[in-house]
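Inspection log for the structure reproduced underneath, given as structure tokens.
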Ligand code: SAM
Ligand code: SF4
């Protein structure tokens, strides 16, 4: 086994798990390749939050069958992450050319499972109920040298009625504050400029360890390490404290960007989703945030077509979008997930009704995003550059503090690599819905 390919579906936690898989395989002296044909090992990090991710995974694994004329021949195929955790042996029955199935709690066992599958020419399935390891105790191969994901909690205790995550990621477990700080200190020494603190609900960080949430303390302690940029996801509105808002407003390294999923604007639907806040409470929170951080960029998640959603419920969601002035909204059509309470609720909304609402919502989201972007024209934004744009090599691309994509022309005779991983000021001249363009200044 000399080469590997990792395909990742789903959320940032999965992206981070994939970086850990890459770190583990690199530690075995394996090297990454771009195509399945060149790979000795193909690893899928999977997501089952919505049905379409589930279907795509099955389609992609099925299409690899042609590369495997028989057991022990062709690449080893490993399926991990949330579908591995949920389906275990079932995956092997459905797709018998898989060699390894692993779950969300045993990423570190992957090299050993691959080794056994190869030497015994028999598929290996290992799914554990609980984890004994914390994510970042493992080697990690970072996608960008200047950015690192730092998990601060794993699992979730919220049991939103539509959501499969608590069943496949387990109960919420926080990582001791000292461990988090020590890791960020190591990352700073290694040249990392930006960390993204990860958890299904970072705002409840520490409840299991310290009796009450301590996320504000995490932000302040991580800011003390000298890291340039701190981002975090995800924030559950019910647990976002005034202390956290104050830390966001006061700590320069904490970026003025917040992902605050609302899911619905209707109190009835929010109740039935078990979200534990009302539209009024959500909007009051948004108002407090804008008051404390006037230039805040706000994003959200919204589900359309939850069981029982009426036109009036949907109108309430549209009203929230107008009031909150989101910079971005990730919009989802409700997808029933077996084993969750919502999957057995009455009142399923016809597909064409959901689609029509979804289209109206997307239009409004675009209009709000463009309005927020236009508000940045004429400002100077410190941009962390990532390199050349994938679409146009003569364009440099990076992110503003508010997480907007920013484009500038690559200066003549310069290479994009020269700018990658540097924070430079950009005078914003033009705004589109999803990106800003401007002129590069000198070093900050
Ligand atoms: N913990 C995060 C949170 O609370 O927002 C992320 C959870 S989930 C991975 C990301 C988003 O997927 C959720 O915020 C929700 O909008 C959406 N989602 C989860 N389950 C869904 C379902 N069954 N159907 C449609 N969208 C769903
Ligand atoms: Fe799922 Fe709700 Fe937990 Fe987010 S907070 S992971 S939506 S159960």
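Pairing residues of segment 261-279 that are on the phi < 0 side of the Ramachandran plot and without any contact (Cβ under 8 Å) to a residue 12 or more places away in the chain with residues that are surrounded by fewer than 21 Cβ atoms within 10 Å (Cβ to Cβ) and not in a strand (DSSP E or B), at Cβ distances under 6 Å and at least 6 apart in sequence or on separate chains, gives 278/267. Say we look at segment 305-334 and pick out the residues that are more than 15 Å from ligand 1 (Cβ to nearest atom) and not in a helix (DSSP H, G or I); which of these is farthest from residue 257 (Cα to Cα)? Restricting to residues being more than 15 Å from ligand 1 (Cβ to nearest atom) and not in a helix (DSSP H, G or I), the top hit is 310.
Conditions (1) farther than 15 Å from residue 196 by Cα; (2) at pLDDT 95 or above; (3) within 15 Å of ligand 2 (Cβ to nearest atom); (4) surrounded by fewer than 18 Cβ atoms within 10 Å (Cβ to Cβ), marked per residue:
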residue	(1), (2), (3), (4)
235	no, yes, yes, no
241	yes, yes, no, yes
265	yes, yes, no, no
274	yes, yes, yes, yes
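Among the residues of segment 75-91, just one is assigned to a strand (DSSP E or B) and within 17 Å of residue 167 (Cα to Cα), namely 80.
Going by what's in this entry, would residue 74 be described as touching a helix residue (DSSP H, G or I) at 6+ places or on another chain (Cβ under 8 Å) and under 18 Å from residue 116 (Cα atoms)? So residue 74 passes the test.
To keep it simple, each residue is scored yes or no on (1) buried (at least 20 other Cβ atoms within 10 Å of the Cβ); (2) within 16 Å of ligand 1 (Cβ to nearest atom); (3) over 22 Å from residue 268 (Cα atoms).
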{"site": "297", "(1), (2), (3)": "yes, no, yes"}
{"site": "303", "(1), (2), (3)": "yes, yes, no"}
{"site": "336", "(1), (2), (3)": "no, yes, no"}
{"site": "347", "(1), (2), (3)": "no, yes, no"}
{"site": "365", "(1), (2), (3)": "yes, yes, yes"}
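As a summary of the residue check, residue 252 satisfies the conditions (1) free of Cβ contacts under 8 Å to residues at least 40 places away in the same chain; (2) within 19 Å of the chain's Cα centre (by Cα) except for the one numbered (2). Restricting segment 391-406 to residues that are within 23 Å of the chain's Cα centre (by Cα) and in a strand (DSSP E or B), the residue that is surrounded by the most Cβ atoms within 10 Å (Cβ to Cβ) is 398.
When 72, 59, 23 are checked against the criterion of being over 20 Å from residue 155 (Cα atoms), part of a helix (DSSP H, G or I), touching a residue at least 40 places away in the same chain (Cβ under 8 Å) and away from ligand 2 (no atom under 16 Å from the Cβ), a single residue qualifies: 23.
Is there a residue being surrounded by 14 or more Cβ atoms within 10 Å (Cβ to Cβ) and closer than 30 Å to residue 159 by Cβ anywhere in segment 370-390? Scanning segment 370-390, I find no residue that is surrounded by 14 or more Cβ atoms within 10 Å (Cβ to Cβ) and closer than 30 Å to residue 159 by Cβ, so the answer is no. Among the residues in segment 148-155, are any touching a residue at least 24 places away in the same chain (Cβ under 8 Å) and either assigned to a helix (DSSP H, G or I) or surrounded by fewer than 21 Cβ atoms within 10 Å (Cβ to Cβ) (or both)? Checked segment 148-155: no residue is touching a residue at least 24 places away in the same chain (Cβ under 8 Å) and either assigned to a helix (DSSP H, G or I) or surrounded by fewer than 21 Cβ atoms within 10 Å (Cβ to Cβ) (or both).
Table: residues versus (1) in contact with a helix residue (DSSP H, G or I) (Cβ under 8 Å, 6 or more places away or on another chain); (2) farther than 20 Å from residue 201 by Cα; (3) touching a residue at least 12 places away in the same chain (Cβ under 8 Å).
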| residue | (1), (2), (3) |
| --- | --- |
| 295 | no, yes, yes |
| 302 | yes, no, yes |
| 322 | yes, yes, yes |
| 326 | yes, no, yes |
| 330 | no, no, yes |
| 338 | no, yes, no |
| 359 | no, yes, no |
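Residues checked against (1) surrounded by fewer than 23 Cβ atoms within 10 Å (Cβ to Cβ); (2) within 16 Å of ligand 2 (Cβ to nearest atom):
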| position | (1), (2) |
| --- | --- |
| 92 | yes, no |
| 103 | no, no |
| 116 | yes, no |
| 120 | yes, no |
| 126 | yes, no |
| 143 | yes, no |
| 146 | yes, no |
| 157 | yes, yes |
| 163 | yes, yes |
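The values are calculated or read from the model by the stated rules, or taken from the named source; none is laboratory data. Being a predicted model, the structure only gives us computed values, none of them experimental. Methodologically, a virtual Cβ is constructed for each residue, glycine included, from the backbone with ideal geometry; neighbour enumeration extends over all protein chains shown.
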